[in-house]
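The values are calculated or read from the model by the stated rules, or taken from the named source; none is laboratory data. This one's a predicted model, so the numbers in the text were calculated from it and none came from an experiment. Ideal geometry is used to build each Cβ from the backbone, glycine not excepted, and the neighbour counts take in all protein chains shown. Areas reflect the complete protein model, heavy atoms only, side chains present, ligands, DNA and RNA absent. Shrake-Rupley method; radii C 1.70, N 1.55, O 1.52, S 1.80 Å.
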Amino acid sequence: MTTRSVWSMCGMCTVRCPIRVETEGDEVTWIEGNPHLLEGALCAKGSAGMALLKDEERPLSPMIRKGGRGAGRWERVSWYAALDYVADKLNAIIKEHGPESIMMSCRGGPFMDLIKAFCHAVGSPNFSNHDSACGRNVHHASLSVYGLGRKDFVYDLKKCKHLILFGRNILASLRPAEVNQVMDMLDAGGTMTYVDVRQTLTGIKADRFFLVTPGTDYALALGMIHEVIKQGVYDQEFIDRYVADFDKLVAFVEPYTADWAAKECGVKADRIKEFVTEIGSQRPKVVFHPGWMLSRYRDSFYASRALHILNVLMGNVEVEGGQIFAKGAGDCGVKGIRSLDAQVPKPTAKRADGVGWKYQHFDKGPGLFHLFYDAMLTGEPYPLKALICMRHDPFTCFPDPQAQKEALDKLDLLVSVDTHYSEFGWYSDVILPESTFLERDSIIATQKGPKPRFIKRNKAIAPMHDTKSLYEIIKQLADRLGVGQYFPGSSIEELWAWQLEPTGFSLKDFDAKGFISLTDKPVMFDRNHLDGKFKTPSGKIEMVSGKLTEAGLESLKPYESPEKPPKGHFRLVFGRSPVHAHSHTVNNPLLYELMPENTLWINKRQAARLGVNDGDLVDVGVCGCSGTIKAHLTEFIHPEAVYMAHGFGRQVPLQSRAYHAGMADQKLMKGMLQEMDPAGGGLNLCECFVTVRRSAKNPKRMVEL
Amino acid sequence: MNKYMLYLNSKRCIGCHGCEVHCKTNKRLPEGPLLCEISHEPLKMVGGVPKTEFQFRSCYHCEEPYCVPVCPTGAMQKRADGIVFVEQEKCIGCMACVGACPWGVPQHNPATGKVVKCDYCLDRVDAGLKPACVTRCTTHALKFVTLTEL
């Protein structure tokens, strides 16, 4: 049998690593990280892609709901019938309510152009993604400081001397290229400081660890800013040149001394002071990670903003070992790939989530998904009638699925396009099964950075079941809706050629390495001439954001202590493990084997008070909603908090392994669907307090016969 | 003398368990058998930081393996380069080796009814490649070392 080697991109999580796949006939026999970029490195999830392929507990053909929503009665239908069904419904909805009553959502990432173009081609401005439960606070904080989004900078972690992580569990979140940079940095003698409410996979590699009171990240960051200014270890020249209102920052942080922060966060003041002295000697090669998934506390936006400001004080912009402007094709003297969305006339209706008109300070791109629920319930500014979620599960991603269902019941059509059964899919009207990443092609995308490149996913084998790629699904739906002209060509190969045409490259240029490198050497801007690079209203790095001021919001917000858990309650925090991509992989046979369920981390002393032993079942509850989970006792979690890995407690009966295994944090977040940070747009997912007690389900006796 | 060894640079290992799955997928193993394993001691406070290090364990490829002489069919063998492996065609799944190994290294493969164990991916080694766990290790912490006599 002949062995084929295929360049592609992993799709087990949203990192989308470049990979090389070997096949024999229609069998995938080997997956490794692209040797040119990752030297073979691949995580457990990537390898388990082979198990995903073989797993039949995923949607294998299109399905149309027969019973009530969520009842689990499905009819397997042909693609022809399923696409006709969806298109007929959409056409009827467009006719009666207008195209803007259709909403589409996805997981974000490099291939969004296709989905965005489809949404806009249909005539709806209502494109969204999961980010209001993820990185919106960080993104908006970045915009408010630099006028640039969070992905407009990349962090040169390999060459930095000190990496500071506020709850960013960078090693468990596992972007292999980034993780290797961190390990290289540590191998070269770099320092890592870790701040969290519990010890993590990342924290065990750190040189310094601050176990802080939950919800006090902003206080610690303010204390650090104060101390940096007090010790005078900031980059005065950089600030004089590029920063506006530095004096306002100095005045603002005056009361937030290291001693004050230490008290507020429950750490030692001396440790903050010696930390600041240390980074003072290491700057500008000091990186404060501004956070990734920071939809956590009421002030997470401001915490992230403070971390961005600390980077500015370090003067780490556009330096080796600091944060570097992400360069695109244009910065390498190459014309960019053609965008599908750019060919589509922009819909004229205003967004139903209010972003861009009611909320002027938010980035219009994907808006804020959770705000659409309000529009569904009220019919304001206009009724929404259809939602298509593409590899996005709002019931797992956002709080309070029950409240979401109540809003979604106002809609006439729910469609799930996914490789696995999502909880949203299970509740929807139609499931359009997407082929796994090993069985599908994706559009060409640009990966920005100091060394930008064009990337492309190629299918390694033909689909094993009756599934299709997102490109095929969208193309065929677009044809049925009369907007097929926006998706040129009749095959993905023709679309690729169309995308590449202006660049001067051809598809053959992907053959050697699986990607097209746009430069040999990293492209760096002249740090002395960065004027015009910061896209704020003033053109400067803004300590006081013109945009926030215009929206009537503070830029330098006085600190308020977090709410203390009510008596008998704990603050529920969540996170991730290196072996799962949240809910996407819990049912994967090989990853389930590694981590079949999550546990509730609870501080040892608190557990002793509750009479809970390690491994006991505990009932975790909030306002009449509860679940049972095994307790994991540790001294290394703050006594106010309990923790569980996100993505478990799934309730799709066809996922026999994941079904009711462990517990779902988001299902405990009753009434929290609209609790967002008004300045950052992120949800306050860690503002949930739960009770914990030893469960009556722990066996005491067992009658056998 | 054994020619090869698997070495884990525990400073670089992040405990992502990738190696375990790389091994399983390369050997086409179903749920159940696990031919290499990452583990760690409970966290301990070291200089103000709760710390632990990861350990890697697979077959020790003993100089005088217990599993080889008990095999009734000669399926379990030790090569000249030290690699202890099971010749699948000869294995009858009697599990004598499973009982003989003090570390429980040989395991039952429910997909074939035979025994499976770490053989350093000898087909790959013979082709000049490295074992799957090493080739794909997320942080390049695992190394396949060729031993030399001093």
- Task: Output the number of residues of region B:59-83 satisfying the condition of being in contact with an Asp or Glu (Cβ under 7 Å, 6 or more places away or on another chain) and open to solvent by less than 40 Å² (accessible area, probe 1.4 Å).
- Result: 2
- Message: So if I check each of A:Asp152, A:Asp131, which one is of a type in the set (D, E, K, R) and in contact with a strand residue (DSSP E or B) (Cβ under 8 Å, 6 or more places away or on another chain)?
- Response: A:Asp152
- Show the residue pairs that are 6+ apart or on different chains and have beta-carbon atoms under 7 Å apart, the first residue being within region A:1-30 and without any contact (Cβ under 8 Å) to a residue 40 or more places away in the chain, the second being buried (at least 18 other Cβ atoms within 10 Å of the Cβ) and among the basic types (Lys, Arg). A:Ser5/A:Arg20
- Item | region A:487-511, residues that are in a loop (DSSP other than H, G, I, E, B) and either more than 13 Å from A:Ser442 (Cα to Cα) or at pLDDT below 95 (or both) | A:Phe487, A:Pro488, A:Gly489, A:Ser490, A:Gly504, A:Phe505, A:Ser506, A:Asp511
- Note on the structure: Flagged in region A:555-569 as modelled with pLDDT of 95 or more and open to solvent by less than 80 Å² (accessible area, probe 1.4 Å), in numbering order, are A:Ser555, A:Leu556, A:Lys557, A:Pro558, A:Tyr559, A:Ser561, A:Pro562, A:Pro565, A:Pro566, A:His569
- Item | strands (runs of 3 or more DSSP E) (entirely within region A:597-705) containing at least 2 residues that are modelled with pLDDT under 95 and among the small types (Gly, Ala, Ser) | A:625-634
- Task: Could you please give the count of residues in region A:547-570 that are aromatic (Phe, Trp, Tyr) and part of a loop (DSSP other than H, G, I, E, B)?
- Result: 1
- Query: Out of the residues in region A:384-423 that are among the charged types (D, E, K, R) and within 16 Å of the chain's Cα centre (by Cα), which is surrounded by the fewest Cβ atoms within 10 Å (Cβ to Cβ)?
  - Reply: A:Arg391
- Message: Regarding region B:87-98, can at least one residue be identified that is within 14 Å of chain A (Cβ to nearest Cβ), farther than 30 Å from A:Thr202 by Cα and more than 15 Å from the chain's Cα centre (by Cα)?
- Response: no
- Note on the structure: The condition of being at pLDDT 95 or above and more than 30 Å from A:Phe325 (Cα to Cα) holds, among A:Gly484, A:Gly539, A:Gly552, A:Gly514, only for A:Gly484
- Pick from region B:122-150 the residues that are part of a helix (DSSP H, G or I), within 14 Å of chain A (Cβ to nearest Cβ) and open to solvent by 20 Å² or more (accessible area, probe 1.4 Å): which of them is nearest to B:Ala75 (Cα to Cα)? B:Asp123
- Message: If I filter region A:647-674 down to residues being open to solvent by less than 30 Å² (accessible area, probe 1.4 Å) and not hydrophobic (A, V, I, L, M, F, W, C), which single residue comes out as nearest to the other protein chains (Cβ to nearest Cβ)?
- Response: A:Gln655
- Query: Could you list, in sequence order, the residues of region B:42-97 that are assigned to a loop (DSSP other than H, G, I, E, B), in contact with a His (Cβ under 8 Å, 6 or more places away or on another chain) and closer than 30 Å to B:Arg12 by Cβ?
  - Reply: B:Thr52, B:Glu53, B:Gly82, B:Ile83
- Consider only pairs whose beta carbons are under 8 Å apart and that are at least six residues apart or on different chains; among these, list those whose first residue lies in region A:122-146 and is over 18 Å from A:Tyr218 (Cα atoms) and whose second residue is surrounded by 24 or more Cβ atoms within 10 Å (Cβ to Cβ) and among the basic types (Lys, Arg). A:Pro125/A:Arg351; A:Asn126/A:Arg351
- Task: Keeping to region A:192-229, report how many residues are touching a residue at least 40 places away in the same chain (Cβ under 8 Å) and more than 25 Å from B:Glu41 (Cβ to Cβ).
- Result: 17
- Query: Is there a residue being away from chain A (no Cβ under 14 Å) and in contact (Cβ under 8 Å) with a residue 60 or more places away in the chain anywhere in region B:70-80?
  - Reply: no
- Note on the structure: Just one listed residue, out of A:Val573, A:Val579, A:Val544, is part of a loop (DSSP other than H, G, I, E, B) and touching a Cys at 6+ places or on another chain (Cβ under 8 Å), and it is A:Val579
- Does region A:418-426 contain at least one residue that is modelled with pLDDT of 95 or more and touching a Phe, Trp or Tyr at 6+ places or on another chain (Cβ under 6 Å)? yes
- Task: Just name the residue that is farthest from the other protein chains (Cβ to nearest Cβ) out of those in region A:587-596 that are buried (at least 20 other Cβ atoms within 10 Å of the Cβ) and assigned to a loop (DSSP other than H, G, I, E, B).
- Result: A:Asn587
- Message: Condition first: more than 30 Å from A:Pro452 (Cβ to Cβ) and either touching a residue at least 24 places away in the same chain (Cβ under 8 Å) or in the same structural domain as A:Ala306 (by TED's automatic domain parsing) (or both). Now tell me which residues in region A:513-557 satisfy that.
- Response: A:Met543, A:Val544, A:Leu548, A:Glu550, A:Ala551, A:Leu553, A:Glu554, A:Ser555, A:Leu556, A:Lys557
- Message: Can you tell me how many residues within region A:281-296 are open to solvent by less than 20 Å² (accessible area, probe 1.4 Å) and not hydrophobic (A, V, I, L, M, F, W, C)?
- Response: 4
- Task: Confirm whether A:Lys230 is more than 19 Å from A:Phe288 (Cα to Cα) and out of contact with any Ser or Thr (no Cβ under 7 Å at 6 or more places or on another chain).
- Result: no
- Residue check, A:Thr634 among the β-branched types (Val, Ile, Thr), surrounded by fewer than 22 Cβ atoms within 10 Å (Cβ to Cβ) and more than 13 Å from every other protein chain (Cβ to nearest Cβ): no
- B:Gln107 vs. criteria at pLDDT 95 or above and loosely packed, with under 13 Cβ neighbours inside 10 Å: no
- Run B:Asp119 past the list (1) part of a strand (DSSP E or B); (2) under 30 Å from A:Glu22 (Cα atoms); (3) open to solvent by less than 50 Å² (accessible area, probe 1.4 Å) and report the number of the one that doesn't hold. (1)
- Note on the structure: Counting only residues in region B:3-58 that are facing another protein chain (nearest Cβ under 7 Å) and open to solvent by 40 Å² or more (accessible area, probe 1.4 Å), the one nearest to A:Asn588 (Cα to Cα) is identified as B:Glu31
- Please enumerate the residues belonging to region A:311-340 that are part of a helix (DSSP H, G or I) and surrounded by fewer than 23 Cβ atoms within 10 Å (Cβ to Cβ). A:Ala329, A:Gly330, A:Asp331, A:Cys332
- Query: Can you spot a residue in region A:2-11 that is open to solvent by 50 Å² or more (accessible area, probe 1.4 Å) and at pLDDT 95 or above?
  - Reply: yes
- Task: Identify, by number, the condition in (1) part of a helix (DSSP H, G or I); (2) within 10 Å of another protein chain (Cβ to nearest Cβ); (3) under 22 Å from A:Phe510 (Cα atoms) that A:His36 doesn't meet.
- Result: (2)
